[in-house]
1. Do we find that GLU128 is closer than 24 Å to ASP11 by Cα, part of a helix (DSSP H, G or I) and over 16 Å from the mean Cα position of the chain (by Cα) in this structure?
2. Confirm whether LEU87 is under 14 Å from CYS209 (Cα atoms), at pLDDT 90 or above, outside any loop (DSSP other than H, G, I, E, B) and in the same structural domain as SER226 (by TED's automatic domain parsing).
3. Determine whether region 270-284 contains at least one residue that is under 27 Å from ILE118 (Cβ atoms) and either at pLDDT 95 or above or outside the structural domain of ASN141 (by TED's automatic domain parsing) (or both).
4. Collect the residues in region 111-128 that are farther than 20 Å from GLU94 by Cβ and modelled with pLDDT of 90 or more, keeping them in residue-number order.
5. What are the residues in region 9-67 that are closer than 19 Å to SER240 by Cβ and acidic (Asp, Glu), if any?
6. Within the group GLY395, GLY389, which residue is over 18 Å from SER48 (Cβ atoms) and at pLDDT 90 or above?
7. Here are some residues: LEU145, LEU153. Which one is in a helix (DSSP H, G or I), touching a helix residue (DSSP H, G or I) at 6+ places or on another chain (Cβ under 9 Å) and either over 19 Å from CYS96 (Cα atoms) or touching a residue at least 40 places away in the same chain (Cβ under 8 Å) (or both)?
Amino acid sequence: MLKTFDQLGVDPRFIEILKKRNITEPTDIQKKVIPLLSEGKNVFFTSSTGTGKTFAYLLPFLGKLLEKSEHTPEDGTKARRNFLRFLIVAPTLELCTQINGELEFLLEGTGVSCALLIGSVNIERQIENLKKTKPDVIVGNPNRLLILAQKKLINFSNLQYLVLDEADRLVSDEMTDDTSGLLELIKRASHRGTKKGEPSEAAAKTTLCFAACSATLNKKNADKLSSALRMQSEITFVDSQDNEILRDKIEHWAIFSEKRRKEQTLRSLLAAISGAESSKKKKKSKTKTLVFTSRGDEAAIMLARLQFHHIAAAGLFGKAGKKPLSAQERKLALDSFRNGSASVLISTDLAARGLDIENVTHVVSLDVPSDSEVYIHRCGRTGRAGKRGVMVTIGDETQMRLLAAMEKKLKIKIYPKELHYGQIFAPEDVIEEEE
């Protein structure tokens with residue numbers, strides 16, 4: 001297998017840019033996916049979180065765009081109303097914003113433009129920006145993209161590359177209508193480009209290169225996507241050896257707590273984590289702890305209680321009670337967690353999908369999700385980029401039984417822990433068993 005970015009055919013400009021982040025060697029999934037997408041194949045790929053899936057599709061597709069841009073005559077073609085050639089669809093505004101940041105990082109100085117189209121942002125401002133910039137690349141969530149396409153403010157007649165990031169979430173019950181509607185418009189646009197006498201399916205095959213990815217993309221969801229774009233016979237499925245991160249890089253803990261005492265247990269855990277790290281480094285702790293709960297109202301309550309106890313915490317959730325957090329409020333919360341001014345981020349699973357937050361040392365789950373894929377995505381916020389992390393579940397007796405079933409299903413080892421006098425211990429029976 002090819003081992004370097006140069007051998008994979010990555011544009012030299014990108015190779016130099018990646019060095020700014022000390023990225024010099026491709027990951028396993030990048031080695032497998034980049035050559036396939038460079039060859040124009042349609043690829044569905046799955047790999048553990050933190051293994052470089054975003055660059056696995058950005059590097060080959062942006063490289064192709066640069067090649068074609070450099071051979072495009074300056075005859076006014078780009079002055080057309082829409083020049084969209086590469087579309088990336090992702091489920092949340094946070095993930096879309098993160099992908100857009102990676103686009104800007106790679107495209108600086110290239111002349112290829114990108115735009116971010118997400119909900120909770122003034123649509124008139126987005127429309128004005130679209131008309132002004134005529135972007136080559138757009139990243140957005142399906143609902144906002146669908147609205148703009150239905151208004152004929154963006155069209156897909158020039159689209160050459162399409163990516164669905166966190167694809168399984170895009171076809172979940174709450175998002176499948178918007179995603180299906182968007183894919184239907186893309187399919188129609190491809191067929192409108194059909195030459196006279198040529199089957200529409202053939203035209204679509206030659207004009208659009210497609211990729212879908214997630215840490216937990218299964219066959220059922222892949223079938224939904226391929227059926228929507230009629231690509232059943234021309235998709236390459238790729239898995240990665242990096243999936244062992246769940247077992248090799250992340251330590252899993254379980255802490256028993258009655259429901260009424262969860263807040264107190266969480267505060268004790270945060271203090272113990274901070275104290276342990278401080279004693280190791282003999283300086284102020286630099287821990288980052290991401291706390292998950294399934295419901296927005298519970299997240300809001302927990303956030304308020306932590307802040308009452310003077311814990312530097314921020315909140316990231318779509319809705320708490322009747323009032324949803326604005327895009328700006330969610331951005332400020334995420335920024336404060338990224339830059340360390342908040343050491344704790346309380347979130348619903350909104351944050352579990354694809355976000356790359358550096359140096360998250362611990363993930364805490366205040367419930368046990370019914371779906372193992374949710375547990376995997378929560379875990380994936382730590383143990384990234386070769387680092388180690390800890391996943392802690394705090395639950396009552398019922399939730400501990402659910403967690404035991406999760407342990408068996410995912411083939412992981414979950415260690416019981418207890419909190420005493422500001423420290424984290426293994427229970428006595430576990431210690432005796434190890435001895």
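1. No: the conditions fail for GLU128.
2. yes
3. There is no residue in region 270-284 that is under 27 Å from ILE118 (Cβ atoms) and either at pLDDT 95 or above or outside the structural domain of ASN141 (by TED's automatic domain parsing) (or both).
4. The answer is VAL112, SER113, GLU124, ILE127, GLU128.
5. Selection gives GLU25, ASP28, GLU39.
6. None of the others qualify; the one that does is GLY395.
7. LEU145
Residues are listed down the side, and each one gets a yes or a no for (1) over 13 Å from the mean Cα position of the chain (by Cα); (2) buried (at least 24 other Cβ atoms within 10 Å of the Cβ); (3) assigned by TED's automatic domain parsing to the domain that holds LYS53:
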position: LEU350; (1), (2), (3): no, no, no
position: ASP356; (1), (2), (3): no, no, no
position: THR361; (1), (2), (3): yes, no, no
position: VAL364; (1), (2), (3): yes, yes, no
position: VAL368; (1), (2), (3): yes, no, no
position: GLU373; (1), (2), (3): yes, no, no
position: CYS379; (1), (2), (3): no, yes, no
position: GLY386; (1), (2), (3): yes, no, no
position: GLY389; (1), (2), (3): yes, no, no
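The values are calculated or read from the model by the stated rules, or taken from the named source; none is laboratory data. Please read these numbers as outputs of a predicted model, since none were measured by experiment. Note that we place each Cβ from the backbone using ideal geometry, even for glycine, and neighbour counts take in every protein chain shown.
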